1. May I ask you to list the lysines whose Cα is less than 23 Å away from that of K200, ignoring any residue fewer than eight positions away on the same chain?
2. Could you state the accessible area per residue of the range 65-167 in Å², with a 1.4 Å probe and every protein chain left in place?
3. Along its three principal axes, how long is the chain when you only count alpha carbons? Whole Å, largest extent first please.
4. Would you kindly state how much longer the chain becomes between A129 and Q202 on full extension, computed as 0.36 nm times their sequence separation minus their alpha carbon distance, in nm to one decimal?
5. Between the range 194-236 and the range 1-79, what is the separation of their alpha carbon centroids in Å?
6. Indicate, rounded to the nearest 5 percent, the antiparallel portion of the DSSP beta bridges found entirely in the chain.
7. Could you pull out every one of the lysines with an alpha carbon less than 23 Å from that of K8, ignoring same-chain neighbours closer than 8 positions?
8. Quick one: which residues, 5 or more positions from V176 or on another chain, have an amide H under 5 Å from its amide H? H modelled 1.01 Å from N in the peptide plane, none for Pro or chain starts.
Amino acid sequence: MDLGISGKRALVCASSKGLGKGCAMALAEAGVHLVMNARGAEVLEATAQEIRDAYGVEVVTVVADVTTAEGQAALLEAATDVDILVNNAGGPPPGKWQDWDRDDFIRALDANMLAPIALMTALMPGMMARGWGRVVNITSQSVRAPIAVLGLSGAARTGLTGYVAGTSRQVAGSGVTINNLLPGLHDTDRAASLDNSVVKAQGISIDEARAQRVAAIPAGRYGTIEEFGAACAFLCSKHAGYIVGQNLLLDGGSVNVTM
Ligand code: NAP
């Protein structure tokens, strides 16, 4: 399918690895020029070159922490007038509700709620003025069904979800859509680090921890970043203009709900 976005420009935050990289690759495959970002320069540059070589699109890199005001300013300088914004950042650490204090919540809110809102606020007026734009926020299945140890993540991302629900309806008339992708378990470094938390908590091997987590997924496996990226690229495509304010679970069936 021709996604109809060849030649457009996208800012893909937190994209040197994992789900962000999957989104960057799928957009590049559709002919979209990229601004890519991460805190670590080495992996970011390597991923950017991999994408330039594979798809022949222009890729600008910005080494910055997207959760900070300075990082956002650096991104916005490089990504003026982008047509597509993919919001992403690392997820908060797992833990227990008794241990979380105000600073933990502020860090989670900065990373997983306020950073995407700041970038939407800065970039959507230009999209609206040009009459076309796409925003995809990477959130989590924890927005639909709680994951107790990821309470910081759930709290911040649910706040973002509430913001998107109202805001998406305000910008849709100008040709701009905002939607959220809700990953379940995908095969990335983040998933490996959560596997290791299970190893520590239960005193089991990494293979046992992974088998235990896979057993709870009807699809019987972790998702891939390529599958995730393809869904992102579709939401950014010309075909997705009537999809507004939705929360798409990509979880292999893990969240056991009818709708
Ligand atoms: P990942 O494999 O660890 O990759 C994270 C990427 O984001 C890396 O490129 C990392 O590069 C970059 N990054 C992290 N923090 C950043 C920051 N503050 N500023 C800029 N770049 C940053 O993680 P992932 O699995 O793709 O997860 C992406 C998001 O989806 C996370 O919020 C995660 O909680 C959520 N999620 C993931 C899963 C899953 O199964 N994978 C499930 C549900 C939700 P640097 O470290 O160099 O900055």
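1. Within the straight-line cut-off, K200 pairs with K96.
2. Numbers: 4480 Å² over 103 residues.
Here the per-residue accessible area is 44 Å².
3. Result for the chain: principal-axis Cα extents of 53, 39, 38 Å.
4. Working: separation 73, 0.36 × 73 = 26.28 nm, distance 5.34 nm.
Stretched fully, the A129-Q202 segment lengthens by 20.9 nm.
5. 24
6. Details: 0 of 27 bridges.
Of those bridges, close to 0 percent are antiparallel.
7. Once the sequence-local lysines are set aside, what remains near K8 is K17, K21, K238.
8. For V176, the qualifying residues are G133.
The values are calculated or read from the model by the stated rules, or taken from the named source; none is laboratory data. Quick caveat, the model's predicted, so the values are computed rather than measured. Cβ coordinates were reconstructed from backbone atoms using ideal geometry, including for glycine residues, and neighbour counts include every protein chain displayed. Note: accessible area is taken over every heavy atom of the protein model, side chains too, but ligands, DNA and RNA are not part of it. Shrake-Rupley method; radii C 1.70, N 1.55, O 1.52, S 1.80 Å.
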